[in-house]
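Structure first, commentary second.
The values are calculated or read from the model by the stated rules, or taken from the named source; none is laboratory data. Every value quoted in this text rests on a predicted model; they were computed, and no experiment measured them. Don't worry about glycine lacking a Cβ; one is built from the backbone with ideal geometry, like all the others, and counts go over all protein chains shown. Protein only, heavy atoms only, side chains kept; ligands, DNA and RNA dropped before computing areas. Shrake-Rupley method; radii C 1.70, N 1.55, O 1.52, S 1.80 Å.
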Amino acid sequence: MPRIYNPADKPNMSTSGPLDGAVICLSGNLSKPKAVIDVNILKLGGSVVSTVTQSCTHLISTPFEFEALTTKVMTAITKNIPVVSEEWISACEHEGDLADVEDYAIQSASAPVPVQKKKRAPPVTSYLDDGDDDD
């Protein structure tokens, strides 16, 4: 079973805050060490898990990880868990509440675009048309 870090485990950490109720997993090479981000999440009232489980509410990742469709990213997508940039944490802290995940969602630059089927041209009835109507 994956380890869950809960703010209640740390006596000097807040048990409520903008990330209250958020269960966050980290993936990829983020701008800060994961331990620093973990502590920040805990201070803001969130919990940290090491794997994407059904209890996970958000995956913090990078565009590179998203493009590579890593196991964590694929699991999050399959479970409809938002994949957001680490800036989302700062936004939550700044807003004092959960920031809108759509503003920080990581999306693929190479996501497949829906292809509309082209209508076929009508069949050609005559390949040789000399323009003379007296045939």
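Which order do D38, D100 take when ranked by solvent-accessible area (1.4 Å probe, heavy atoms of all protein chains), largest first?
Largest accessible area first, the list is D100, D38.
What spacing in nm lies between the two simple spin-label points modelled at E95 and L69, each 7 Å away from Cα in the Cβ direction?
Rounded to a tenth, the inter-label distance reads 3.0 nm.
Ordered by packing density, taken as the mean number of other Cβ atoms within 10 Å over each peptide's residues, highest first, how do 41-47, 76-82 rank?
Ranked by mean Cβ neighbours within 10 Å, highest first: 41-47, 76-82.
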